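Down below is the structure, laid out as structure tokens.
The values are calculated or read from the model by the stated rules, or taken from the named source; none is laboratory data. What you are looking at is a predicted structure, and each value in this text was computed from that prediction instead of being measured. As a convention, Cβ positions derive from the backbone with ideal geometry for all residues, glycine included, and neighbour counts pool all protein chains shown. What goes into the accessible areas is simple: the full protein's heavy atoms, side chains included, and nothing from ligands, DNA or RNA. Shrake-Rupley method; radii C 1.70, N 1.55, O 1.52, S 1.80 Å.
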Amino acid sequence: MNSTKRWAANVRKVTPYVPGEQPQEKNIIKLNTNENPYPPSPKVFEAHQKMDVGCFALYPELSAASLTAALAEYHGISDREVFVGVGSDDVLSLAFLTFFNSGKPVLFPDITYSFYPVWAEVYRIPYECPALREDFTIDPADYKEENGGVVIANPNAPTSISMAASQVEEIIQANPEVVVIIDEAYVDFGGETVLPLIQKYDNLLVVRTYSKSRSMAGMRIGYAMGNEALIQAMNDVKESINSYTMNTESIRIGAAALEDEDYFQENLKKVMATRERTKEALETMGFDVKESCTNFLFAAHESVPAKEIFEALKSQGIYVRYFNKEKIRNYLRITIGTEEQMDSFLQAVEAILHWRR
Ligand SMILES: *Cc1c(COP(=O)(O)O)cnc(C)c1O
């Protein structure tokens, strides 16, 4: 049908990223998009209540200046080393557009965040995907050939596995002529950051998000940190597309969230404790579960196919993530929920396995 439209030949053809389902019915257990099961800090609630709707009449601050400053202070770096965007998807997408223009292929692993190939396609950036090792770890040697840039999620998704900062540094060091993006969406759950290395390498961009560890996926806040010149280049591209991406409420609330470090650390500890308990329980039931430094587990059962477990859980209102993709087809990605949610999940899995025998 499209071919009958005379303009169809000139449409930019893309295959969009497919996010996890966002079912709206009540009483479901949602363990499929790596959201945090706990609410953000009470400081966030206070800042939200203090919002004066009158200020919505005005455009927001340029460059989300107060949030940028708060993040710079929190991380002990300069304002000029921070770029804020509408979730890290916005930040990553803009970084692809800004830095990957050499015509040489950008490198990222074959199994990683599935938005990377989508941005490469939409911006027409060539890319290659070195295979993970058999055990799903990344081999730094694969990222030392000539390339147009490197993108590594560390810890990686959906594998949940973290790479040592020293190995990430090897990759950064081997690529002085291109930008290396390290996507640290999950680093707060036990990963090793390379943030201090932005002072040593001017080609390193570290990307973070409020969506997972800070319980604020709905506010859409992400940021990048790197050398001043990298941040300036991103700002120039951003200002050429949309001056005001961050809304006033996200800017204020994003800054308020940084004022409650105790709450933040407590929240992380709870999620990580639940993760380890869930991992052990799954292992007892015959699952191979990867060592996780994230708020999710990546698990395959020794005999029951992942798709079957996924469907059976879904029919009971328990949503996990299943990727029908070569190499990981037998794995489930299970977000860590509350203790109670994980109890229900484990009970359901046990019943499914029992019934199958
Ligand atoms: C969730 C996720 C993101 C995107 O998060 P935002 O909600 O857009 O901040 C980026 N990278 C990885 C690896 C993720 O898992």
Residue that is on the phi > 0 side of the Ramachandran plot and not polar (S, T, N, Q), where the choices are Phe108, Phe136: Phe136
message: Tally up the residues in region 315-337 that are in contact with a strand residue (DSSP E or B) (Cβ under 9 Å, 6 or more places away or on another chain), assigned to a loop (DSSP other than H, G, I, E, B), in contact (Cβ under 8 Å) with a residue 40 or more places away in the chain and open to solvent by 10 Å² or more (accessible area, probe 1.4 Å), please.
response: 3
message: I'd like the full set of residues that are over 30 Å from Ala64 (Cβ atoms) and buried (at least 21 other Cβ atoms within 10 Å of the Cβ), limited to region 256-275.
response: Arg275
- prompt: In region 186-235, what count of residues is obtained for those that are near the ligand (Cβ under 10 Å from one of its atoms), within 17 Å of Glu73 (Cα to Cα) and not in a loop (DSSP other than H, G, I, E, B)?
  reply: 5
- line: Checking Val91, Val82, Val44 in turn, the sole residue that is crowded, with 19+ Cβ neighbours inside 10 Å, touching a helix residue (DSSP H, G or I) at 6+ places or on another chain (Cβ under 7 Å) and closer than 17 Å to Ser211 by Cα turns out to be Val44
query: Inside region 93-108, can you point out the residues that are under 15 Å from the mean Cα position of the chain (by Cα) and in a loop (DSSP other than H, G, I, E, B)?
result: Phe108
statement: The number of residues in region 83-128 that are within 15 Å of the ligand (Cβ to nearest atom) and β-branched (Val, Ile, Thr) is 6
- prompt: Would region 121-140 turn up any residue that is open to solvent by 70 Å² or more (accessible area, probe 1.4 Å), farther than 19 Å from Ile152 by Cα and not in a loop (DSSP other than H, G, I, E, B)?
  reply: no
task: Report, by residue number, each residue of region 288-305 that is under 27 Å from Lys270 (Cβ atoms) and either at pLDDT below 95 or not acidic (Asp, Glu) (or both).
output: Val289, Lys290, Ser292, Cys293, Thr294, Asn295, Phe296, Leu297, Phe298, Ala299, Ala300, His301
field: Subset of region 14-41 (residues that are more than 16 Å from the ligand (Cβ to nearest atom) and open to solvent by less than 50 Å² (accessible area, probe 1.4 Å))
entry: Pro23, Ile28, Ile29, Tyr38, Ser41
statement: Glu249: passes all of (1) surrounded by 15 or more Cβ atoms within 10 Å (Cβ to Cβ); (2) acidic (Asp, Glu); (3) not in a helix (DSSP H, G or I) but (3)
- prompt: What is the residue count in region 170-185 for residues that are within 16 Å of the ligand (Cβ to nearest atom) and either farther than 27 Å from Met272 by Cβ or touching a residue at least 60 places away in the same chain (Cβ under 8 Å) (or both)?
  reply: 4
query: Can you tell me which of Thr294, Thr278 is surrounded by 21 or more Cβ atoms within 10 Å (Cβ to Cβ), under 19 Å from the mean Cα position of the chain (by Cα) and among the polar types (S, T, N, Q)?
result: Thr294
field: Residue, most open to solvent (accessible area, probe 1.4 Å), within region 1-13, restricted to residues that are basic (Lys, Arg) and under 24 Å from Ser114 (Cα atoms)
entry: Lys13
